Protein chains: 2
Amino acid sequence: MARADSVGGSFFLSGEECLRVPHFGLGGAISRPGCSCLPVCGRLRAMGFLPSDESERSDAVLFAERLVFGPLLFQGVVSLRRRGVLQKLLRRGGEGATLETLLGELELSRYGLTVLLEAGLAAGVLQVDDEGVYRLARVGLLFERDPMTIANLDFVADVCYRAAAHLDASLDSGEARGLRELSDEENVYQALSTLPEPAKTSWFAFDHFYSDRAFKDLVPRLSARAPKQVLDVGANTGRFACALLAADERVRVTLADLPNQLAVARRELEERGLSARAHFHPIDLLSPELSLPEGFDVIWMSQLLCCFGEEDVLRILRAAARALGPGGELWIVDTFWDRQKQRAAAVTLMGTSLYFTTVANGRGRMYDSATMLRLAQEAGLSVKSVEDSLGLGHSCIVCGSAR
Amino acid sequence: MARADSVGGSFFLSGEECLRVPHFGLGGAISRPGCSCLPVCGRLRAMGFLPSDESERSDAVLFAERLVFGPLLFQGVVSLRRRGVLQKLLRRGGEGATLETLLGELELSRYGLTVLLEAGLAAGVLQVDDEGVYRLARVGLLFERDPMTIANLDFVADVCYRAAAHLDASLDSGEARGLRELSDEENVYQALSTLPEPAKTSWFAFDHFYSDRAFKDLVPRLSARAPKQVLDVGANTGRFACALLAADERVRVTLADLPNQLAVARRELEERGLSARAHFHPIDLLSPELSLPEGFDVIWMSQLLCCFGEEDVLRILRAAARALGPGGELWIVDTFWDRQKQRAAAVTLMGTSLYFTTVANGRGRMYDSATMLRLAQEAGLSVKSVEDSLGLGHSCIVCGSAR
């Protein structure tokens with residue numbers, strides 16, 4: 001029987017891998033009777049996705065109408081924030097402000113401010129008392145003070161909102177048809193450097209908000225393993241390579257990505273004086289004959305596999321399995337919705353999947369770890385450990401070659 | 001001191017009108033110390049808009065992220081409904097269905113069904129158990145079985161979604177800039193007959209869903225007053241005139257609206273054999289010199305005043321006050337968000353206000369009754385009674401001339 005030790009949020013599997021996971025309709029679930037190495041089901045229950053969730057208990061109609069009028073209320077909250085109404089109310093704290101007071105301080109008509117304040121009430125970000133004094137609700141505070149909520153709001157408003165109206169066309173075609181609202185490119189990765197503002201700024205703010213916090217936790221862990229050679233697959237703008245090279249003066253990093261991305265990354269590393277220990281290896285991860293260079297202590301894939309459909313993930317993982325030598329490790333860093341402590345995080349990730357469907361490339365999604373672990377096994381990898389709660393909800397799956 | 005009798009949901013004011021209402025920042029609130037004729041504040045508290053609402057108690061972050069990813073989750077739920085996933089799950093009841101089972105019954109790729117099912121989990125319309133069996137949550141049931149939720153969903157999806165992205169431009173210009181997504185006309189009323197599908201069908205389904213249910217309650221009440229002559233201001237397609245003429249064979253109805261609307265209404269009445277007791281009076285309610293014909297027992301304005309800004313409402317009410325003879329009554333029928341029993345209804349109305357801002361004409365909104373009662377008083381009308389809970393949340397304000 002496999003043994004599972006829980007060490008500080010990590011679940012190290014020893015001996016034969018045995019993954020008790022809910023299979024979520026994924027035919028080949030890896031499940032053995034009586035074994036529960038990865039307590040994913042318990043987390044799902046804690047997140048409320050199992051029967052008897054909050055929607056059974058609370059006012060289902062209120063919940064449904066908030067969902068139905070969600071797009072209108074969303075735009076109302078965006079305007080409340082961007083026109084400074086939330087900020088004014090935050091500054092006034094418990095004192096609050098009437099419509100008359102706010103009118104004198106904002107560039108909004110009486111009509112405009114009225115419909116926005118009432119949208120704020122409906123959305124739950126504002127409260128009003130008998131004297132007509134408006135105050136921020138606790139939820140409203142998040143839209144001024146919580147950088148995650150703000151990064152998410154800007155991302156949905158500027159990158160996803162219009163594109164999401166093309167969900168059906170995207171599902172039918174298998175292409176991200178919503179991207180046309182922003183670019184003529186085939187996928188968002190080719191479009192990034194030429195995205196119109198404010199979409200471009202909001203895209204990078206969203207991406208970096210999560211990756212920066214994950215790198216902060218992960219660079220020390222990787223550095224502690226003292227790898228001599230690291231292959232950074234999908235290196236993008238070189239953000240992780242910079243962080244690792246700056247933190248560990250012994251390591252050498254090979255960045256692998258499309259040539260145009262490598263050019264951006266090379267400039268970045270040169271500007272920071274970190275290019276001496278960097279190498280650049282052009283690859284196309286969508287190539288059917290994909291092969292990765294060999295001889296690395298660690299192959300690193302961060303926020304990468306979510307950008308691909310399952311078939312491509314399997315092909316990339318197989319290439320990694322072939323390239324790994326004895327003792328070599330593949331580190332898969334991603335956000336898995338079934339690994340989140342907070343239901344809010346899982347909701348965020350499942351919502352972001354529809355960004356992949358409608359904006360990114362029509363194939364990627366925020367995976368559950370059950371699917372990723374199954375794909376790793378199918379690719380001939382052996383899972384050595386899974387650590388959760390890195391950065392803001394990232395997990396790190398460390399694999400060796402099963403050979 | 002004024003006396004307030006509560007009779008079966010009605011609040012009849014006798015003697016001097018005295019309205020204890022929260023003024024919501026509307027400068028000229030009608031409020032007298034120590035008097036609480038209209039217990040509106042209590043209703044607001046019941047609806048949770050006053051401090052210590054549910055957002056203080058529940059998980060504020062989950063609430064905020066559902067709002068932020070609301071547009072994506074909304075589109076996911078629209079697809080789940082329109083592609084038949086919700087219906088399949090409803091039919092299977094407690095048995096539920098796995099992704100594999102659903103795949104065999106639906107025209108969706110495995111990828112497409114996966115992201116939709118997970119969006120359904122995030123939106124709270126679906127649940128999943130440890131075996132990967134999906135079932136409708138109570139909220140999800142509403143999207144298949146509740147005609148109000150379905151009418152609202154189609155209205156937001158087909159009429160409002162894209163337009164709502166133009167909220168800021170609409171607020172700045174005072175025009176419904178989102179209408180351009182659907183029509184080149186200046187306002188939605190001129191655009192109605194030429195709206196593209198499915199927007200046209202969804203618009204009328206939404207409008208009629210609420211008005212039909214209100215008329216069912218109101219026609220008997222009006223008929224019981226045995227009016228000989230009724231002026232139907234803003235008669236639109238003649239729907240109310242038909243209902244009243246069919247129910248009361250003594251009444252004569254004069255329909256007042258723009259000439260092109262009257263032509264539609266006339267055809268409708270002729271087809272139903274109801275035109276013998278109908279008259280047609282062309283007016284432009286936006287005319288600065290608006291006057292209404294005199295000599296009517298009842299002037300009727302149903303779902304009309306919400307289409308106008310406050311200045312226009314005041315002008316129309318003044319015209320009604322001038323036209324009312326002794327004993328004549330103005331019946332104002334509308335949905336007021338501060339008169340709703342359910343918070344869900346208030347949320348729906350406040351959300352619909354942003355439809356008026358971005359799609360209809362940039363000036364209308366779903367009023368609170370405090371504002372409407374203040375405008376009626378300013379117009380020289382005396383409020384005789386207010387009855388709530390007609391149809392699905394309509395109120396009827398009956399006024400006489402204050403002269």
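The values are calculated or read from the model by the stated rules, or taken from the named source; none is laboratory data. The shown structure was predicted, so the numbers you read here are calculated from the model rather than taken from an experiment. Cβ: placed from backbone, ideal geometry, glycine included. Neighbour counts: every protein chain shown.
Among the candidates A:138, A:66, the residue that is of a type outside the set (Val, Ile, Thr), surrounded by fewer than 23 Cβ atoms within 10 Å (Cβ to Cβ) and within 25 Å of the chain's Cα centre (by Cα) is uniquely A:138. Looking across A:384, A:341, one residue alone is out of contact with any strand residue (DSSP E or B) (no Cβ under 6 Å at 6 or more places or on another chain) and surrounded by fewer than 21 Cβ atoms within 10 Å (Cβ to Cβ). It is A:341. You will find that of A:285, A:314, A:305, the residue that is surrounded by 24 or more Cβ atoms within 10 Å (Cβ to Cβ) and closer than 29 Å to residue A:168 by Cα is A:305 and no other.
Just checking, which of A:350, A:366 is among the aliphatic types (A, V, I, L, M), within 14 Å of chain B (Cβ to nearest Cβ) and surrounded by fewer than 24 Cβ atoms within 10 Å (Cβ to Cβ)?
Result: A:366 is the single residue among A:350, A:366 that is among the aliphatic types (A, V, I, L, M), within 14 Å of chain B (Cβ to nearest Cβ) and surrounded by fewer than 24 Cβ atoms within 10 Å (Cβ to Cβ).
When the stretch B:320-347 is limited to residues that are in a helix (DSSP H, G or I) and either away from chain A (no Cβ under 11 Å) or without any contact (Cβ under 8 Å) to a residue 12 or more places away in the chain (or both), the one that is nearest to residue B:379 (Cα to Cα) turns out to be B:321. Considering the conditions (1) over 30 Å from residue A:66 (Cβ atoms); (2) assigned to a helix (DSSP H, G or I); (3) modelled with pLDDT of 95 or more, residue B:313 is excluded by exactly one of them, (1).
Here is a yes/no grid of residues against (1) in contact (Cβ under 8 Å) with a residue 60 or more places away in the chain; (2) within 11 Å of another protein chain (Cβ to nearest Cβ); (3) touching a His at 6+ places or on another chain (Cβ under 8 Å):
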site	(1), (2), (3)
B:157	yes, yes, no
B:160	yes, yes, no
B:163	yes, yes, no
B:167	yes, yes, no
B:171	yes, yes, no
B:178	yes, yes, yes
B:184	no, no, no
B:193	yes, no, no
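Please determine whether any residue of the stretch A:210-225 is at pLDDT below 95 and assigned to a loop (DSSP other than H, G, I, E, B). Scanning the stretch A:210-225, I find at least one residue that is at pLDDT below 95 and assigned to a loop (DSSP other than H, G, I, E, B), so the answer is yes.
Here the stretch B:64-91 is the region considered, the condition is being at the interface with chain A (Cβ under 7 Å from one of its Cβ atoms) and among the β-branched types (Val, Ile, Thr), and the residue that is farthest from residue A:159 (Cα to Cα) is B:77. Of the residues making up the stretch A:222-254, those that are over 16 Å from residue A:333 (Cα atoms) and in contact with a helix residue (DSSP H, G or I) (Cβ under 7 Å, 6 or more places away or on another chain) are A:237, A:242, A:245, A:247, A:248, A:251, A:252, A:253. Only one of the numbered conditions (1) outside the structural domain of residue B:366 (by TED's automatic domain parsing); (2) out of contact with any helix residue (DSSP H, G or I) (no Cβ under 7 Å at 6 or more places or on another chain) is violated by residue B:263, and that is (1).
Residue B:237 meets the conditions (1) in the same structural domain as residue B:391 (by TED's automatic domain parsing); (2) outside any loop (DSSP other than H, G, I, E, B) in every case but one. The failed one is (2).
Output the residues belonging to the stretch A:244-267 that are assigned to a helix (DSSP H, G or I) and crowded, with 19+ Cβ neighbours inside 10 Å. Give the steps one after another, and end with the answer.
Initially, the stretch A:244-267 is screened for residues assigned to a helix (DSSP H, G or I), giving A:244-247, A:259-267.
A:244, A:245, A:261, A:262, A:265, listed by residue number.
Checked against (1) assigned by TED's automatic domain parsing to the domain that holds residue A:65; (2) surrounded by fewer than 16 Cβ atoms within 10 Å (Cβ to Cβ); (3) of a type in the set (A, V, I, L, M, F, W, C), residue A:226 meets all criteria but (1).
Go through the residues of the stretch A:94-112 one by one and say whether even a single one is of a type in the set (Ser, Thr, Tyr) and surrounded by 23 or more Cβ atoms within 10 Å (Cβ to Cβ).
Within the stretch A:94-112, the first condition is being of a type in the set (Ser, Thr, Tyr), and the residues that meet it are A:98, A:101, A:109, A:111.
Add one more test, that the residue is surrounded by 23 or more Cβ atoms within 10 Å (Cβ to Cβ), and what stays is none.
Within the stretch A:94-112 (the criterion being of a type in the set (Ser, Thr, Tyr) and surrounded by 23 or more Cβ atoms within 10 Å (Cβ to Cβ)), the answer is no, since none of the residues qualifies.
In the set (1) over 30 Å from residue A:124 (Cα atoms); (2) in contact with a Gly (Cβ under 6 Å, 6 or more places away or on another chain); (3) in contact (Cβ under 8 Å) with a residue 40 or more places away in the chain, residue B:308 fails one condition alone, (1). All conditions in (1) modelled with pLDDT of 95 or more; (2) in contact with a Ser or Thr (Cβ under 7 Å, 6 or more places away or on another chain); (3) part of a helix (DSSP H, G or I) hold for residue B:191, with the sole exception of (1). Every test in (1) within 27 Å of residue A:115 (Cα to Cα); (2) over 22 Å from the mean Cα position of the chain (by Cα); (3) within 8 Å of chain A (Cβ to nearest Cβ); (4) of a type outside the set (Lys, Arg) is passed by residue B:153 save one, and that test is (2). Mind checking which pairs have a first residue in the stretch A:377-401 that is in contact (Cβ under 8 Å) with a residue 60 or more places away in the chain and of a type in the set (Asp, Glu) and a second that is surrounded by fewer than 21 Cβ atoms within 10 Å (Cβ to Cβ) and assigned to a strand (DSSP E or B), Cβ under 6 Å, 6 or more apart or different chains? Listed pairs, sorted by first residue: A:387/A:10. Among the residues making up the stretch A:107-148, those that are of a type outside the set (Ser, Thr, Tyr), farther than 20 Å from residue A:70 by Cβ, at the interface with another protein chain (Cβ under 8 Å from one of its Cβ atoms) and assigned to a loop (DSSP other than H, G, I, E, B) are A:108, A:129, A:130, A:131, A:132.
Filtering B:211, B:202 for residues that are of a type in the set (Ser, Thr, Tyr), under 30 Å from residue B:322 (Cα atoms), outside the structural domain of residue B:385 (by TED's automatic domain parsing) and surrounded by 14 or more Cβ atoms within 10 Å (Cβ to Cβ) leaves a single hit, B:211.
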